[in-house]
Amino acid sequence: MTYYSGFLLAVPAVNKQAYADHATKAWPMFEKRGALRMVETWGADVPHGKVTDFYMATKAKEDETIVFSWIEWPDRATADAAFATMMEDPDMQSMGEMPFDGIRMMWGGFEPVVDVKARTTRT
């Protein structure tokens with residue numbers, strides 16, 4: 001069953017390109033461990049809530065943007081095996097400093113309960 005690793009973090013807005021570069025550089029390490037897809041999204045319309053929201057969850061500062069991302073895996077075993085070896089990878093160790101505060105990043109593993117797509121129309 002397909003499995004997803006999801007991530008939520010706050011990134012300084014001035015680091016948008018550095019973040020994109022960092023994520024692009026990380027993709028080959030995930031891909032060689034079996035990841036099928038990686039999606040990194042930059043907050044464009046993220047509302048502030050009164051009780052809870054993405055900003056509160058990540059303790060985002062005023063100059064930071066919310067990033068929501070996920071990695072698609074063929075199954076949980078592949079994801080677990082990948083993360084078990086990721087930090088030992090010399091390529092990971094040579095990536096340098098992250099362009100965000102990793103302490104405030106959240107992540108988790110998810111199994112789909114609904115997966116629907118738009119039907120294509122024929123003209």
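Hey, among the residues in the range 97-112 that are in a loop (DSSP other than H, G, I, E, B) and in contact (Cβ under 8 Å) with a residue 60 or more places away in the chain, which one's most open to solvent (accessible area, probe 1.4 Å)? Before you say what the answer is, go through the steps one by one.
So the first thing to find is which residues in the range 97-112 are in a loop (DSSP other than H, G, I, E, B), and the list is 97-101, 105, 111-112.
From what's left, in contact (Cβ under 8 Å) with a residue 60 or more places away in the chain: 98-101, 105, 111-112.
Details: MET98: 85, PRO99: 17, PHE100: 27, ASP101: 60, MET105: 46, GLU111: 116, PRO112: 43 Å².
Within the range 97-112, the match that is most open to solvent (accessible area, probe 1.4 Å) is GLU111.
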Original post:
Given (1) more than 18 Å from GLU97 (Cα to Cα); (2) in contact (Cβ under 8 Å) with a residue 12 or more places away in the chain; (3) open to solvent by 50 Å² or more (accessible area, probe 1.4 Å), where does PRO47 come up short, assuming only one miss?
Top reply: (2)
Subject >> Count of residues meeting criterion [of a type in the set (Gly, Ala, Ser) and either open to solvent by less than 40 Å² (accessible area, probe 1.4 Å) or in a loop (DSSP other than H, G, I, E, B) (or both)] in the range 1-19 >> reply: 3
**OP:** Please enumerate the residues belonging to the range 50-67 that are within 15 Å of ASP101 (Cβ to Cβ) and charged (D, E, K, R).
**Re:** LYS59, LYS61, GLU62, ASP63, GLU64
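Mind listing whichever residues of the range 61-96 are among the small types (Gly, Ala, Ser) and under 14 Å from GLU31 (Cα atoms)? Spell out the reasoning first.
First pass over the range 61-96, keeping only residues among the small types (Gly, Ala, Ser): 69, 77, 79, 81-82, 84, 94, 96.
If the condition is that a residue be among the small types (Gly, Ala, Ser) and under 14 Å from GLU31 (Cα atoms), then ALA79, ALA81, ALA82 are the ones that fit.
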**OP:** Can you tell me which residue within the range 50-65, out of those that are buried (at least 16 other Cβ atoms within 10 Å of the Cβ) and more than 20 Å from PHE110 (Cα to Cα), is nearest to the chain's Cα centre (by Cα)?
**Re:** THR65
**OP:** Can you run down the residue pairs with Cβ atoms below 6 Å, 6 or more apart or on separate chains, where the first is in the range 70-95 and open to solvent by 70 Å² or more (accessible area, probe 1.4 Å) and the partner is part of a helix (DSSP H, G or I)?
**Re:** ASP91/MET29
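The values are calculated or read from the model by the stated rules, or taken from the named source; none is laboratory data. Nothing here was measured: the structure is a model prediction, and the numbers come from that model. We place every Cβ from the backbone using ideal geometry, glycine too, and count neighbours over all the protein chains shown. These area figures cover heavy atoms from the full protein model, side chains too; ligands, DNA and RNA do not enter into them. Shrake-Rupley method; radii C 1.70, N 1.55, O 1.52, S 1.80 Å.
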